[in-house]
Amino acid sequence: MLTRRLIACLDVRDARVVKGVQFVGLREVGDPVELATRYEVEGADEIVYLDIAASAEERVTLFDLARRTAERLFIPLTIGGGIRTVDDIAAALRAGADKVGLNSAAVRRPEVLSEGAARFGAQCIVASIDAKWEDGRYRVYTHGGRTPTDLEAVGWAAECAARGAGEILLTSIDRDGARDGYDLALTRAVADAVSVPVIASGGAGNAAHVCAALSQGGADAALVAGILHDGVVTVADLKRAMRDAGLAVREAA
């Protein structure tokens, strides 16, 4: 049975973890290294850092933060935000990341996915897709949800996978921070369209939502942020619920 993953996401700005709703109204919630370490101890399968302002501010992501975190983590670390080129990918991996998320750069120049996969392996390349329901379709947004594109999310996900992305990190902007459940229709549509793992993101409010994303939505992993940061649930609570729902999970060390 396929092991399903629970991934703790830390949105980072100015070296602090922040959280908002639909990518706006950000509030500070803590130190990223401390939170990442705590979530690992609780049983998280992976940690994702997203530097949410890097692309909009046209700077590279926080490699120093990745380095300090990687020194303390034993589970995989993904970093994203502001990574534009294969050299940026190399720098992120050297800093201690196991995977790199690409969003705005991939939309601007899709070849970066193929180049990254050829040089480092598809398992290192995560296509991060932010989508919003508009005019009867899921429109892809870039630059931290600020910039609309002409791309449709399901078709773009398929292209990303064909170009070498080893995973799709799929975030519903509509559901982000709302805590009323993942967008199961979006998640299922993308999961059915690609042969690589899909990470559901945006909308987790409780354990039932996480289980639904994995079972009904067809996701291979669920990304969780705000409900962990605010202490609504713990990683252990979520892993227990996943297990009770018949989903195969990795046991905490």
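Mind checking whether some residue in the range 226-249 is of a type in the set (D, E, K, R), under 23 Å from residue 166 (Cβ atoms) and either surrounded by 19 or more Cβ atoms within 10 Å (Cβ to Cβ) or in contact with a strand residue (DSSP E or B) (Cβ under 7 Å, 6 or more places away or on another chain) (or both)? Break it down stepwise before answering.
Looking only at the range 226-249, we keep the residues that are of a type in the set (D, E, K, R), and these are 230, 237, 239-240, 243-244.
Next, only the ones that are under 23 Å from residue 166 (Cβ atoms) stay: none.
No, because not a single residue in the range 226-249 is of a type in the set (D, E, K, R), under 23 Å from residue 166 (Cβ atoms) and either surrounded by 19 or more Cβ atoms within 10 Å (Cβ to Cβ) or in contact with a strand residue (DSSP E or B) (Cβ under 7 Å, 6 or more places away or on another chain) (or both).
Could you please let me know if residue 75 is surrounded by fewer than 24 Cβ atoms within 10 Å (Cβ to Cβ), among the β-branched types (Val, Ile, Thr) and under 15 Å from residue 8 (Cβ atoms)? I'd like the intermediate steps shown before the answer.
Values: surrounded by fewer than 24 Cβ atoms within 10 Å (Cβ to Cβ): yes; among the β-branched types (Val, Ile, Thr): yes; under 15 Å from residue 8 (Cβ atoms): yes.
Yes.
Can you name the condition, by its number, that residue 66 falls short on among (1) on the phi > 0 side of the Ramachandran plot; (2) at pLDDT below 95?
(1)
Please verify whether the range 210-225 includes one or more residues that are at pLDDT below 95, over 19 Å from residue 165 (Cα atoms) and either buried (at least 20 other Cβ atoms within 10 Å of the Cβ) or not acidic (Asp, Glu) (or both). Give the derivation first.
Just the residues of the range 210-225 that are at pLDDT below 95, to begin with: 225.
Filter once more, so that each one left must be over 19 Å from residue 165 (Cα atoms): 225.
So of that shortlist, the ones also either buried (at least 20 other Cβ atoms within 10 Å of the Cβ) or not acidic (Asp, Glu) (or both) come out as 225.
Looking for residues that are at pLDDT below 95, over 19 Å from residue 165 (Cα atoms) and either buried (at least 20 other Cβ atoms within 10 Å of the Cβ) or not acidic (Asp, Glu) (or both), one finds at least one in the range 210-225, hence yes.
If a residue must be touching a Ser or Thr at 6+ places or on another chain (Cβ under 6 Å), buried (at least 24 other Cβ atoms within 10 Å of the Cβ) and among the polar types (S, T, N, Q), how many such residues does the range 142-200 contain?
Matching residues across the range 142-200 total 1.
Just for the range 168-182: of the residues that are over 18 Å from residue 141 (Cα atoms) and not small (Gly, Ala, Ser), which one is farthest from the chain's Cα centre (by Cα)?
By that ranking, first place goes to 180.
Among the residues of the range 115-132, how many are under 21 Å from residue 224 (Cα atoms) and not polar (S, T, N, Q)?
8
The values are calculated or read from the model by the stated rules, or taken from the named source; none is laboratory data. Since the model is a prediction, treat every value here as computed from it, not as a measurement. Quick reminder, even Gly has a Cβ in these numbers, built from the backbone with ideal geometry, and neighbours come from all protein chains shown.
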